[in-house]
Amino acid sequence: MRRLLLLTVALNCLIAAVAIAAETPGSPLQPPSTGRAPAANTYTIEELYKNAASLNGKKVVVRGQVVKMTDGIMGKAWTHIQDGTGDGSKGNNDLICISRVVMGQVGAVVTVTGTAVFNPESRYKLVLQDAALGN
């Protein structure tokens, strides 16, 4: 009986810790405002979506927090970044940066340079192709 009580208490503590971590500011669910990168041709993610048609094919710089990382899609790494701008319900708060190398671990704040590719017919309307860290 005592063992079952200790196990129950430990499980409840673990559940509480996970719930608190999910609500912590700066978690991938609620990225902090990372600010604008100090470089020319710099945009927030919301600005990139707003000006996607005119920026199509142009080199841009953006800073954001890595919220998801998937390596090995068509031989490339797909890194999702967010900078605290945009609206998730409108789909303009997350930018996919496609590169040949991993661009950082989840939670890292990165500055990325790449070519904006806008395709309104695609599932991913805006991506950064040939992305690289730094400006």
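Throughout, read-outs are computed from the coordinates displayed, never taken from laboratory work. No experiment lies behind these values; they were computed from the predicted model shown. Ideal geometry is used to build each Cβ from the backbone, glycine not excepted, and the neighbour counts take in all protein chains shown.
Summary of computed values
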| read-out | value |
| --- | --- |
| In order through region 115-126: 3J(HN,Hα) via Karplus (6.51 cos²θ - 1.76 cosθ + 1.60), integer Hz, x for Gly, Pro | 9, 6, 10, 10, 9, x, 8, 7, 4, 9, 5, 9 |
| Cleavage-rule hits (trypsin sites (Lys or Arg not before Pro)) in region 78-129: DSSP loop, at most 11 neighbouring Cβ within 10 angstrom | 90, 100, 123 |
| Summed residue charge, Cβ within 11 Å of residue 81's Cβ, Lys/Arg positive, Asp/Glu negative | 0 |
| Sorted by Cβ neighbour density within 10 Å, fewest at the top, the residues 101, 66 | 101, 66 |
| Ranking of 124, 49 by count of other Cβ atoms within 10 Å, fewest first | 124, 49 |
| Space enclosed by the convex hull of the alpha-carbon atoms of region 32-133, per residue, Å³ | 89 |
